[in-house]
Amino acid sequence: MSAKPKVAFYWCASCGGCEETVVDLNADVLKVVEAVDIVLWPVALDFKRKDIEAMADGEIAVSFINGAVRLSEQEEWVELLRKKSGLVVAFGSCAHLGGIPGLGNVTNREQIFERKYTTVPTIDNPGRTFPQEAVAVDGYELELPSFYDTVKTLDQTIDVDYYLPGCPPPSNLVWDAVIAILEGKLPDKGAVLAPNKALCDTCSRNETKPEEFIIHEFKRVATSTPDPEECFLAQGYICLGPATRSGCGERCINGNMPCRGCFGPSDGVVDQGAKVLSGIASILESTDAAEIEATLGEVVDPLGTFYRFSLPSSLLGRVRIGG
Ligand code: SF4
Ligand code: SF4
């Protein structure tokens, strides 16, 4: 029997980019494979649920789980992995904060199904056929997972030990986490395995951000090109750097795109979106309520701007539908 620590990777509601990060470890992925016994990795290897169910509780040293939780199947899997694992790491923005799938919390199951199966222009469904959770075919009962109204983060579903942030997490942070786990050099439970400082602190444009400045108007990268050297906020582009944890290597900034906040907040920031919103409100030029409203009205999709990755984990959680 292998004496190597057992490691699992699992994938819930996400795009799969986090799995790419593991592959992006390149030569280091071979060192990981040498050091650990991978017992579950659905994107790359064919393991079955019964293989995991047959394991003793706690037998898996660590499970890296990416993706938010939206389906009953995902909930069952993460509960199973929690039971079988010593450590669980929420891997990437969707597991950590809800991520892009978490923007589904602006709507609900009924509205999503209505759109997807009836009103999308490419759908021809006059009989209004919708997916069923159970259907009998030729004497067999076929089942599909339940689709929940609300997208949840991993720690809204199971107990989580550590968080690896990012959309996706950079492979150097993944490698550092794997080494820390193998060497037993982990911080306190609940820690985010990335530097606890704001992105602005490590951003090369920080020195171009004046101590005090005001915003006259909001600009968008879709309709104008930012100066490639100057702080985005000082130019009027919304950048979530002040309320976002550092550690990504300033990937977007280096591509002349403002930070969208995928690393989530640094410690002590209760609500990333609200923190940026209040910071921006304080640097608007006008003090007149109507003018402020007009300027804020220039922000296209405020929820998607300030809560792009964090809606399920935020104080808002979801949009209330109906009464
Ligand atoms: S606001 Fe954005 S561009 Fe400006 S210093 Fe912070 S991270 Fe850099
Ligand atoms: S700059 Fe912001 S959005 Fe881009 S990778 Fe870094 S933390 Fe994520």
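The values are calculated or read from the model by the stated rules, or taken from the named source; none is laboratory data. Here the structure is a predicted model, which means the values were calculated and not measured. When we count neighbours, we look across all protein chains shown, and the Cβ atoms used for this are built from the backbone with ideal geometry, even at glycine. The area values use the complete protein model at the heavy-atom level, side chains included, leaving out ligands, DNA and RNA. Shrake-Rupley method; radii C 1.70, N 1.55, O 1.52, S 1.80 Å.
Here are the numbers:
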| read-out | value |
| --- | --- |
| Computed accessible area, Phe113, all protein chains, 1.4 angstrom probe, square angstrom | 30 Å² |
| Listed peptides 63-72, 265-274 by packing density, highest first (mean Cβ within 10 Å) | 63-72, 265-274 |
| For region 143-262, with +1 on Lys and Arg beta carbons and -1 on Asp and Glu, the positive-most of Pro168, Gly190, Thr225 along the dipole | Thr225 |
| Net length gained if the chain between Lys31 and Leu45 were fully extended (0.36 nm per residue, minus Cα distance) | 3.3 nm |
| Accessible surface, region 248-323, averaged per residue in Å² (probe 1.4 Å) | 52 Å² |
| Apportionment of accessible area to carbon and sulfur, region 1-102, percent (1.4 Å) | 57 percent |
| Full-extension gain in nm, Asp267 to Glu230, via 0.36 nm per residue minus C-alpha separation | 10.6 nm |
| Relative contact order %, the chain, counting alpha carbon pairs below 8 Å whose residues are six or more apart | 18 percent |
| Peptides 208-219, 86-97 ordered by average Cβ neighbours within 10 Å, highest first | 86-97, 208-219 |
| Probe 1.4 Å - accessible area at Val300, Å² to nearest ten | 80 Å² |
| In nm, spacing of pseudo-spin labels at Asp201 and Leu296 (7 Å Cα→C-beta vector) | 2.9 nm |
| Accessible area expressed per residue, region 108-147, with surrounding protein chains retained (probe 1.4 Å, Å²) | 82 Å² |
| Peptide ranges 121-129, 177-185 listed from the most packed, as the mean C-beta count within 10 angstrom indicates | 177-185, 121-129 |
| Accessible-area composition of region 199-306, carbon plus sulfur, in percent [1.4 Å probe] | 51 percent |
| Pairwise Cα inverse-distance average, inverted: Kirkwood Rh of the chain (Å) | 21.6 Å |
| For region 194-207, Karplus couplings with θ = phi - 60° (6.51, -1.76, 1.60), whole Hz, Gly/Pro x | 7, x, 8, 8, 6, 4, 4, 5, 10, 6, 5, 8, 4, 5 |
| Kirkwood Rh in Å, taken over all unlike Cα pairs in region 139-285 | 17.6 Å |
| Over region 204-306, relative contact order from alpha-carbon pairs under 8 Å, at least 6 apart, % | 28 percent |
| Calculated FRET efficiency for the pair Arg220/Thr119, C-beta based, R₀ 30 Å, to 0.05 | 0.60 |
